[in-house]
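Novice: This is the structure, below, for whatever I ask next.
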Amino acid sequence: MPQWIVDKGELTDFYEYVEQHVLYSIIVLRYSQADSTNSQTKTLEIMPNTLLTFIVSVSFSLMFHLGLTQCTVTLSDKFVICDYEDLPLPLASGLVVSGGTEPYSFYWDCFWQLYPGSSITMDEYDILDDPTSIHPTIINSAQGDTIHLHLSITDAELNTCEASILVITACFPTTLLGICEWATINPGESVALCTEVYTCIEPTSYSWTPSNSLDDPNIRFPIASPTENTLYTLTLTDPVGCSATSEMQVFLVTTGISEEYKSEFKVIQHSTDDNLELVFPYYGNWNIVVYNINGTIVKTGKADHPTQYTINLSSLHSGIYMVICKDPNGRIFKHKIMLQ
């Protein structure tokens, strides 16, 4: 029995041939579905008065119109960049393509504008290394903003499918600045912990540890009442899941900080060497202690009766330190220094 294998582009010509040359025909459509390959075979059997039978088999990859269909594509809802400094990053899009006829061609497109009417814009060539790649790399983004990436896929039969993904860029990491790096209190006193936060996707959640000496560990400015030197760690998390940590040290001193001679106590940091010169407001036996940001003692000294003392800090790494000087009567003088 002869068979005609007809491409979809030849169907119209074939039906015209049947209409013109096969009279009094009886047309029967027979279907068979092959689930494993997601393909459909349609058999067109034509039985004219003559005993000649024509069978035409046409195979289709997806069900559309006469069994002809197009591809489908799915993407993740979003791709989050927590730190702009991490770029470039491969776009983890969760891309899944099914159906259609391989090979596929891909094209990612987008348009971002700082604000309506702004001349500051970006398109796919500014943001991606190759907009025609199945898995492009993000080379630029909009910090604190969202970019809509649109993907178009075309298969070998020129059928198309589309999907989109959001690229969200947060503003982490966050750091502690200024007076929030540490505080000094007397026993029984309290102090508000603080952080200068720069985030761009609100609201931000807060979590301070250890929490046992705090009135509320889940607010931005909790009240701390430690009974010993304590390093508090703050973890911030924004709504898209980005997080960062910062620290604040609370020092506990056994006697009050002297205000009477505060203006006369001087710390001179020489830029040409690693020596720190201390100028005391009066004679006395001075105990000098240097703490690092974790509250650990890293240097000590003792000045017997002078009004000036030099301590060498060459063994210390770059960072922030606190110098605390105490006289025999328990007066405390403190000063913060930065080593480059």
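Novice: What about Thr235, is it open to solvent by 40 Å² or more (accessible area, probe 1.4 Å), at pLDDT below 90 and in a strand (DSSP E or B)? Even if it seems obvious, please write down each step before you answer.
Specialist: Working: open to solvent by 40 Å² or more (accessible area, probe 1.4 Å): yes; at pLDDT below 90: yes; in a strand (DSSP E or B): yes.
Yes, satisfied.
Yes or no, residue by residue, for (1) of a type in the set (Phe, Trp, Tyr); (2) farther than 18 Å from Ala183 by Cα; (3) not in a strand (DSSP E or B):
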site: Leu231; (1), (2), (3): no, no, no
site: Pro239; (1), (2), (3): no, yes, yes
site: Glu247; (1), (2), (3): no, no, no
site: Lys302; (1), (2), (3): no, yes, no
site: Tyr309; (1), (2), (3): yes, yes, no
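Novice: Report, by residue number, each residue of the range 93-114 that is assigned to a loop (DSSP other than H, G, I, E, B) and open to solvent by less than 60 Å² (accessible area, probe 1.4 Å).
Specialist: Within the range 93-114, the first condition is being assigned to a loop (DSSP other than H, G, I, E, B), and the residues that meet it are 93-95, 99-104, 110, 114.
If the condition is that a residue be assigned to a loop (DSSP other than H, G, I, E, B) and open to solvent by less than 60 Å² (accessible area, probe 1.4 Å), then Ser93, Gly94, Leu95, Gly99, Gly100, Thr101, Tyr104, Cys110 are the ones that fit.
Novice: Still on this structure, please answer the following. Report yes if Pro210 is surrounded by 14 or more Cβ atoms within 10 Å (Cβ to Cβ), within 41 Å of the chain's Cα centre (by Cα) and not small (Gly, Ala, Ser), otherwise no. Talk me through it step by step, then tell me what you get.
Specialist: Numbers: surrounded by 14 or more Cβ atoms within 10 Å (Cβ to Cβ): no; within 41 Å of the chain's Cα centre (by Cα): yes; not small (Gly, Ala, Ser): yes.
No.
Novice: Oh, and also: Of the residues Ile297, Ile320, Ile288, which is closer than 17 Å to Thr184 by Cβ and without any contact (Cβ under 8 Å) to a residue 12 or more places away in the chain? Show your work before the answer.
Specialist: On the way: Ile320 fails: without any contact (Cβ under 8 Å) to a residue 12 or more places away in the chain; Ile288 fails: without any contact (Cβ under 8 Å) to a residue 12 or more places away in the chain.
Result: Ile297 is the single residue among Ile297, Ile320, Ile288 that is closer than 17 Å to Thr184 by Cβ and without any contact (Cβ under 8 Å) to a residue 12 or more places away in the chain.
Novice: Take Met322 and tell me if it is loosely packed, with under 15 Cβ neighbours inside 10 Å, part of a strand (DSSP E or B), at pLDDT 85 or above and not acidic (Asp, Glu).
Specialist: No; evaluated as a whole, the condition is false for this residue.
Novice: Still on this model: When Ala303 is evaluated against the numbered criteria (1) closer than 18 Å to Gln249 by Cα; (2) small (Gly, Ala, Ser); (3) open to solvent by less than 70 Å² (accessible area, probe 1.4 Å), which criterion, by number, is the only one it fails?
Specialist: Against the list (1) closer than 18 Å to Gln249 by Cα; (2) small (Gly, Ala, Ser); (3) open to solvent by less than 70 Å² (accessible area, probe 1.4 Å), Ala303 comes up short only on (1).
Novice: Mind listing whichever residues of the range 126-135 are touching a Pro at 6+ places or on another chain (Cβ under 9 Å) and loosely packed, with under 14 Cβ neighbours inside 10 Å?
Specialist: Across the range 126-135, the qualifying residue is only His135.
Novice: Right, another one. Looking at Gln308, Gln269, Gln249, which one is touching a Phe, Trp or Tyr at 6+ places or on another chain (Cβ under 6 Å) and either more than 30 Å from Glu202 (Cβ to Cβ) or polar (S, T, N, Q) (or both)?
Specialist: Working: Gln308 fails: touching a Phe, Trp or Tyr at 6+ places or on another chain (Cβ under 6 Å); Gln269 fails: touching a Phe, Trp or Tyr at 6+ places or on another chain (Cβ under 6 Å).
Every option except Gln249 fails the conditions.
Novice: Only residues that are touching a residue at least 12 places away in the same chain (Cβ under 8 Å) and assigned to a loop (DSSP other than H, G, I, E, B): list them for the range 115-129, please.
Specialist: Kept after step one, since they are touching a residue at least 12 places away in the same chain (Cβ under 8 Å), are these residues of the range 115-129: 122-124, 126-129.
Matches in the range 115-129: Asp129 only.
Novice: Residues in the range 200-229 that are in a loop (DSSP other than H, G, I, E, B), hydroxyl-bearing (Ser, Thr, Tyr) and touching a residue at least 12 places away in the same chain (Cβ under 8 Å): how many?
Specialist: Going through the range 200-229, the residues in a loop (DSSP other than H, G, I, E, B) turn out to be 200-204, 210-213, 215-222, 225-229.
Next, only the ones that are hydroxyl-bearing (Ser, Thr, Tyr) stay: 204, 211, 213, 225, 227.
Going one step further and asking which of them are touching a residue at least 12 places away in the same chain (Cβ under 8 Å), we end up with 204, 213, 225, 227.
Matching residues across the range 200-229 total 4.
The values are calculated or read from the model by the stated rules, or taken from the named source; none is laboratory data. Note that this is a predicted model, so its numbers are computed, not measured. As a convention, Cβ positions derive from the backbone with ideal geometry for all residues, glycine included, and neighbour counts pool all protein chains shown. Surface accessibility is based on the protein's heavy atoms, side chains included, excluding ligands, DNA and RNA. Shrake-Rupley method; radii C 1.70, N 1.55, O 1.52, S 1.80 Å.
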